[in-house]
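Participant: One structure coming up, written as structure tokens, with questions to follow.
The values are calculated or read from the model by the stated rules, or taken from the named source; none is laboratory data. Keep in mind the model is a prediction, meaning the values are calculated, not measured. Here the Cβ positions follow ideal geometry from the backbone for every residue, glycine too, while neighbour counts run over all protein chains shown.
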Amino acid sequence: MENKPVDYNLIKGWGIDADPKNDPTYPMKHRTNEEQKGYTWDRPTQQPINIEVLHSNERPNVTAVFGTSTPPSGLSGMIRRYAFQYSENSYGHWLPLLLADRVNVVEGIVDDFINGKVPNILAEKGYKAEWKHNRTGLLQKAAIVGAISTVAFLLLRKKN
Amino acid sequence: MNYRGPKRVRIDHKPMPEIMHPQDAIVRVTRSCICGSDLHLYNGNVPDTRVGMTFGHEFTGVVEEIGSEVQKLKVGDHVLVPFNIACGKCAFCKQELYGNCHESNSQATAVGGIFGYSHTAGGYDGGQAEYVRVPYADVGPTVIPEGMDPDDAVMLTDVVPTGYQAAEMGGIQKGDTVVVFGAGPVGIMAAKCAWLFGAGRVIVFDQLEYRLEFVKNYAQCEAYNFREIDDVVVFVKKTTDWMGADVCIDAVGAEAAGNAMQTITGRKTLLQAGSATALHWAINAVKKGGIVSIVGIYGPTDNLVPIGNLVNKGITIRANQASVKRLLPRLIEHVQSGVLNPKALITHRIPLEEVSDGYRIFSAKLDNCIKPVLIPPSARI
Ligand SMILES: NC(=O)c1ccc[n+]([C@@H]2O[C@H](COP(=O)([O-])OP(=O)(O)OC[C@H]3O[C@@H](n4cnc5c(N)ncnc54)[C@H](O)[C@@H]3O)[C@@H](O)[C@H]2O)c1
Ligand SMILES: [Zn+2]
Ligand SMILES: [Zn+2]
């Protein structure tokens, strides 16, 4: 099906009830309607793209500035590259990204070991604060985990 | 600060940030808060949160170095830095939608760039650090006015504008009943600001007694524990003579409690983009033709909310990331005149080195925590 652009000036009654003041975005937006012209503004200088920056396929380019925190790498990076083939409108984008995040955690632990660092996971999780401010809660949790493990252990042993 | 995985953060040494763009500045951080928004990252709920990233979008600091195109900011200026990264030139910035800039986030078009907020918000390392790279240094960063306490200044980077905008988006008319869900820093500030727009009644819901006690005093409002109420929506209907609230504000977002089905699908299994309990309540508790203002943050996929009721009741939804820069001039006035006293929300001052404990305290709501601020070593002397 072919679609031709429509000249709305030829439409009877076009715009006769337009009311610019009826704007639910006011006062959050000082309406200029510039976006109706498209991606036409005078862009800021482009930050040199010398690392891998994934960009949404809902835009044509990398933004004028971008973060350089942690470029994609390893297996999680491969999953992220795959995810970026899909738009923000698609589960094909977000679900692989969540998966990549989980894979990345394992990569992080491996990296730590490679760099001769044993991650102190309890400290990273702030258990010192939990011990100080919520000792009973923490002990309760430990007791529950302990009880469940014991029962599981006994059940497994019985099976064997 | 270095993110290692869900609920795991620690301090590590990272290379000094460098100027990467002529409009960049490097800022030495003096204050940096942990925010309810950081909890979505901390819990591992925001897609594309990469291991090794530094969080932190609420910070103040001293300018150490500037790029060649920076004109307004000078080395040595003590600035507060809005959480949104905004170019000031795109069609959205020009309409003062600084939270929706089109030149600061490559990874997603649905959100502008935010400091320290995953690659879905641009991949910038944030301010829970000693030094941070600040792009578009002439647009967002604002010199802290003479005499202003840095604790007040850091609250102007997010909490105050977000609470204020939550009330502003409510389109509050004089005498309106405003219901705020959430008595975290954002909800507390929204309740306080609702009065500035002429609310006739302000009612806050939360489940944490200490926060309800705080908001009742700080914002001079009514405060109720939803755990002690059978059905929040019926409660609101009854107390408004069966009409519903004129305005409902969602200041909770994706970590909401209070509904087992929402919690399991939204927080435990991530089948939806966070638990939408507060938003669900807001839509059902507002009057016909009422306004629901959302500042609570949700993930990028879908949430379970009663859209049918929205249509049938003719509700208007207004929502956004706060446009910090747009609101700053007015809010600085409010702080200077004493109308707003944001630093009163700060309950914990934590050395940056103890960031793991800081996150734990704020996320598990230990030690009656409302707002924690991290202080780097160089700002403690
Ligand atoms: N739009 C923006 O620009 C913007 C800026 C900052 C923060 N936020 C968002 O605002 C929200 C609140 O931030 P915060 O720093 O105050 O977080 P917080 O975690 O300190 O506060 C959230 C509060 O909500 C309460 N709560 C949980 N479930 C509830 C329910 N069903 N009904 C009522 N209260 C409930 C919690 O007990 C807690 O006190 C977060 O989602 C955050 O991401 C948005
Ligand atoms: Zn914040
Ligand atoms: Zn912009």
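Participant: Tell me, please, whether a residue that is within 13 Å of chain A (Cβ to nearest Cβ), in contact with an Asp or Glu (Cβ under 6 Å, 6 or more places away or on another chain) and basic (K, R) can be found in the range B:41-53.
Facilitator: First, pick out the residues of the range B:41-53 that are within 13 Å of chain A (Cβ to nearest Cβ): B:41-53.
Filter once more, so that each one left must be in contact with an Asp or Glu (Cβ under 6 Å, 6 or more places away or on another chain): B:49.
Still in the running and basic (K, R): none.
Checked against the condition, which is being within 13 Å of chain A (Cβ to nearest Cβ), in contact with an Asp or Glu (Cβ under 6 Å, 6 or more places away or on another chain) and basic (K, R), the range B:41-53 yields no hits at all.
Participant: So which residues in the range B:316-330 are under 17 Å from the mean Cα position of the chain (by Cα) and within 14 Å of chain A (Cβ to nearest Cβ), if there are any at all?
Facilitator: Selection gives B:R318, B:A319, B:N320, B:Q321, B:A322, B:S323, B:V324, B:K325, B:R326, B:L327.
Participant: Additional query: Can you tell me how many residues in the range B:135-182 are within 16 Å of ligand 2 (Cβ to nearest atom), among the hydrophobic types (A, V, I, L, M, F, W, C) and either in contact with a helix residue (DSSP H, G or I) (Cβ under 7 Å, 6 or more places away or on another chain) or within 12 Å of chain A (Cβ to nearest Cβ) (or both)?
Facilitator: Adding up the residues that qualify gives 5.
Participant: Name the single residue that is farthest from the chain's Cα centre (by Cα) among those in the range B:20-40 being charged (D, E, K, R) and more than 10 Å from chain A (Cβ to nearest Cβ).
Facilitator: Per the criteria, the residue is B:R28.
Participant: Going by the structure shown, is B:Y136 within 14 Å of ligand 3 (Cβ to nearest atom) and either modelled with pLDDT of 95 or more or surrounded by fewer than 24 Cβ atoms within 10 Å (Cβ to Cβ) (or both)?
Facilitator: Judged against the criteria, B:Y136 is a match.
Participant: How many residues are more than 19 Å from B:V111 (Cβ to Cβ) and surrounded by 15 or more Cβ atoms within 10 Å (Cβ to Cβ) when one looks only at the range A:77-100?
Facilitator: The qualifying residues number 4.
Participant: Run A:S69 past the list (1) more than 30 Å from B:L271 (Cα to Cα); (2) at the interface with another protein chain (Cβ under 7 Å from one of its Cβ atoms) and report the number of the one that doesn't hold.
Facilitator: Exception for A:S69: condition (1).
Participant: Separate question: Of the residues that sit in the range B:22-42 and are away from ligand 2 (no atom under 15 Å from the Cβ) and polar (S, T, N, Q), which one is surrounded by the most Cβ atoms within 10 Å (Cβ to Cβ)?
Facilitator: By that ranking, first place goes to B:Q23.
Participant: Shifting gears a bit: Tell me yes or no: at least one residue of the range B:188-199 is at pLDDT 95 or above and within 13 Å of chain A (Cβ to nearest Cβ).
Facilitator: Yes: one or more hits.
Participant: Also, quick follow-up: I'm trying to understand the selection: among the residues of the range B:52-103, which are charged (D, E, K, R) and either within 18 Å of B:G127 (Cα to Cα) or in contact with a Leu (Cβ under 7 Å, 6 or more places away or on another chain) (or both)? Steps first, answer last, please.
Facilitator: Filtering the range B:52-103 for residues charged (D, E, K, R) gives B:58, B:64-65, B:69, B:72, B:74, B:77, B:89, B:94, B:96, B:103.
If the condition is that a residue be charged (D, E, K, R) and either within 18 Å of B:G127 (Cα to Cα) or in contact with a Leu (Cβ under 7 Å, 6 or more places away or on another chain) (or both), then B:E58, B:E64, B:E65, B:D77 are the ones that fit.
Participant: Can A:P48 be described as over 21 Å from B:T109 (Cβ atoms) and facing chain B (nearest Cβ under 8 Å)?
Facilitator: yes
Participant: Taking strands (runs of 3 or more DSSP E) that fall entirely within the range B:246-363, which contain at least 2 residues that are closer than 16 Å to B:G163 by Cβ and in contact (Cβ under 8 Å) with a residue 12 or more places away in the chain?
Facilitator: Filter on the range B:246-363 gives B:286-294, B:316-319.
Participant: Looking at the range B:43-73, which of the residues that are out of contact with any Gly (no Cβ under 8 Å at 6 or more places or on another chain) and of a type in the set (G, A, S) is farthest from ligand 2 (Cβ to nearest atom)?
Facilitator: Step by step, filter the range B:43-73, then rank; the result is B:S68.
Participant: Also: Is the range B:228-241 home to any residue that is more than 16 Å from ligand 2 (Cβ to nearest atom), within 26 Å of B:D38 (Cα to Cα) and crowded, with 20+ Cβ neighbours inside 10 Å?
Facilitator: Checked against the condition, which is being more than 16 Å from ligand 2 (Cβ to nearest atom), within 26 Å of B:D38 (Cα to Cα) and crowded, with 20+ Cβ neighbours inside 10 Å, the range B:228-241 yields no hits at all.
Participant: On to the next question. Might you let me know whether the range B:362-372 holds any residue that is touching a Phe, Trp or Tyr at 6+ places or on another chain (Cβ under 7 Å) and either under 25 Å from B:H78 (Cα atoms) or away from ligand 2 (no atom under 16 Å from the Cβ) (or both)?
Facilitator: yes
Participant: Checking B:V292 against (1) within 13 Å of chain A (Cβ to nearest Cβ); (2) within 18 Å of B:S37 (Cα to Cα), only one condition comes out false. Which one?
Facilitator: (2)
Participant: Out of the residues in the range B:167-208 that are within 16 Å of ligand 1 (Cβ to nearest atom) and in a loop (DSSP other than H, G, I, E, B), which is nearest to the chain's Cα centre (by Cα)?
Facilitator: So, considering only residues that are within 16 Å of ligand 1 (Cβ to nearest atom) and in a loop (DSSP other than H, G, I, E, B), the one nearest to the chain's Cα centre (by Cα) is B:G184.
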